[in-house]
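S.K.: Take this structure first; my questions come after.
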Amino acid sequence: MNLATSWFILIAILWSGYFVLEGFDFGVGILLPFLGRDDTERRVMINTIGPVWDGNEVWLLTAGGAMFAAFPLWYASLFSGFYLALLLILAALIVRGVCFEFRSKVDSPRWRTSWDWAIFAGSALPSLLWGVAFANIVRGVPLNAQHVYTGNLLTLLNWYGLLGGLVTLSLFTLHGAIFLGLRTTGELRQRARRTAVRTALAAVPLAAVFLVVTQYSHGKPATDVTAALAAVALIGAAAAAFRGWEGWAFAGTAVTLMLAVATLFGDLYPNVLPSSTSAAFSLTVNNASSAHYTLVVMSWVAIIFTPIVLGYQGWTYWVFRQRLTRSDIAQRPVAGPESVEPVGGRP
């Protein structure tokens, strides 16, 4: 295995980490206006992800940076061709981050409700568009001989891309509902558990159809295995959610997302961006990668710093592992920052 292939695998791992960790963040944001019956419950929901959401987004920055450094042609063609879709995702993520900080600045129900719906939009739009983007990457996009994208935004909004978007939207919502069941108590926890079961009724068939279509069109023997395992993990997660086994359910959705990314990247290899215009115009692991020396330097940097980052993030989750209750929030002033205070943990 050469370094280019190794970095392709590492980028797949980074994207799977991003979807697993940011996925439940998005799910909590999507459910915020619906599960929280009053402001205290909505503040509980926000504080379940408050200490970790910005750290989870580091996985996106790392994945994008690794693509830029290891496969500059892939990065250039992808980010220029998907420019409008990625701009919408970036704008939604910015709005979402601002919402977490500004929501509690004014003691007004109308003010906070407006920010809650903005958090919903800033979570739902990326959840949908990430699925659209990755479905189109696997399907192939129109590239010319210079590897320049010749389509537009509507080109990406084909039935397969939209199906991929609905799959990620439903999976992230399910992932977030299960996470809320793990991190809350009382009525909010019970509503989160019921919501997880209802969401699974949509997520399981959508994911099944998407995996079948993907494997029929692009599948390989190895990815048939990962796709089957992803389906088993998702069904297991749904069954565990129905039984109220939140830990097993969360593990199931996490494994589902990791195996789904593994399946998509496996179907993609050795391409990194197939051309629907002509196979000769496709970008591959070999023709899109950086020079060998660049990959060597990147590998040493990754070996040194990756354990540090993983250790710090793991410690953060350990510190803030406790469930949150209404009393944790009710004892704090409303007009205080909600996403940065260490609620529910003991540093």
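The values are calculated or read from the model by the stated rules, or taken from the named source; none is laboratory data. Note that the coordinates shown come from a computational prediction; the quantities given were computed from them, not determined experimentally. We place every Cβ from the backbone using ideal geometry, glycine too, and count neighbours over all the protein chains shown. Accessible surface is based on the protein model in full, side chains and every heavy atom, while ligands, DNA and RNA are left aside. Shrake-Rupley method; radii C 1.70, N 1.55, O 1.52, S 1.80 Å.
S.K.: Please give the Cα centre distance for the range 79-93 versus the range 170-199, rounded to the nearest Å.
M.R.: Between the Cα centres of the range 79-93 and the range 170-199 lies a distance of 29 Å.
S.K.: Starting at the first residue of the range 148-163, write each ³J(HN,Hα) from the Karplus equation 6.51 cos²θ - 1.76 cosθ + 1.60 with θ = phi - 60°, in whole Hz, x for Gly and Pro.
M.R.: Karplus-based 3J(HN,Hα) across the range 148-163 equals 9, 5, 10, x, 9, 4, 5, 4, 6, 8, 7, 5, 5, x, 5, 4 Hz.
S.K.: What would the Debye formula give as log10 I(q)/I(0) at q = 0.09, 0.11, 0.14, 0.15 Å⁻¹ for the alpha-carbon point model of the chain, no solvent?
M.R.: -0.49, -0.73, -1.15, -1.29
S.K.: How large is ³J(HN,Hα), in whole Hz, for each residue of the range 94-107 in order, when computed from phi with the Karplus curve 6.51 cos²θ - 1.76 cosθ + 1.60 and θ = phi - 60°, using x for Gly and Pro?
M.R.: Listing the rounded values in order: 5, 4, 4, x, 5, 4, 4, 7, 9, 4, 9, 6, 10, 7 Hz.
S.K.: Let me ask you something else. Starting from 0 in steps of 5 Å, tell me what percent of the Cα-Cα pairs of the range 107-259 lands in each bin.
M.R.: Answer for the range 107-259: a P(r) of 2, 9, 16, 17, 17, 14, 10, 7, 4, 2, 1, 0 percent.
S.K.: Taking a probe of 1.4 Å, how large is the accessible area per residue of the chain, in Å²? List each step's numbers first, then the result.
M.R.: Working: 15380 Å² over 347 residues.
Heavy-atom accessible area per residue stands at 44 Å².
S.K.: Can you pull the accessible area of Asp267 for me, 1.4 Å probe, Å² to the nearest 10?
M.R.: Taking all protein chains as shown, Asp267 has close to 10 Å².
S.K.: Rank by packing, highest mean first: peptides 146-158, 227-239, with packing defined as the count of other Cβ atoms within 10 Å averaged across residues.
M.R.: Top to bottom by mean Cβ count within 10 Å: 227-239, 146-158.
S.K.: Follow-up question, since we're still on this one. At 1.4 Å probe size, with the rest of the protein present, what percent of the exposed accessible area of the range 1-135 is carbon and sulfur atoms? Kindly include the intermediate steps, with their values, before the conclusion.
M.R.: Values: 3590 of 4880 Å².
On the range 1-135, the fraction of accessible area on carbon and sulfur atoms equals 74 percent.
S.K.: Calculate, in whole percent, how much of the Cα-Cα pair population of the range 78-190 lies beyond 22 Å.
M.R.: 48 percent
S.K.: Moving on to the next point. Taking all protein chains together and a probe of 1.4 Å, list Glu22, Glu187 from the most accessible to the least accessible.
M.R.: Glu187, Glu22
S.K.: Just to check I understand the Karplus step: with θ = phi - 60° and J = 6.51 cos²θ - 1.76 cosθ + 1.60, what whole-Hz values come out for the range 183-194, glycine and proline as x?
M.R.: Per-residue couplings from phi come out as 10, 10, 9, x, 4, 4, 5, 5, 5, 4, 5, 5 Hz.
S.K.: Could you check the spin-label model distance between Leu88 and Leu153? Points 7 Å from the Cα along Cα→Cβ, value in nm.
M.R.: Computed distance between label sites Leu88 and Leu153 equals 0.6 nm.
S.K.: Counting only Cα atoms, I'd like the Rg/Rh figure for the range 158-244, Kirkwood definition for Rh.
M.R.: Values: Rg = 14.3 Å, Rh = 13.6 Å.
Taking Rh as the inverse mean 1/r over Cα pairs, Rg/Rh reads 1.05.
S.K.: Note down the nm distance, to one decimal, between modelled labels 7 Å out along Cα→Cβ at Glu187 and at Val212.
M.R.: Between Glu187 and Val212, the label points sit 4.1 nm apart.
S.K.: What's the ranking of 286-299, 210-223 by average number of surrounding C-beta atoms within 10 Å, highest first? All intermediate terms of the calculation are to be shown ahead of the outcome.
M.R.: Values: 286-299: 14.9, 210-223: 16.4.
Packing proxy ranking, top to bottom: 210-223, 286-299.
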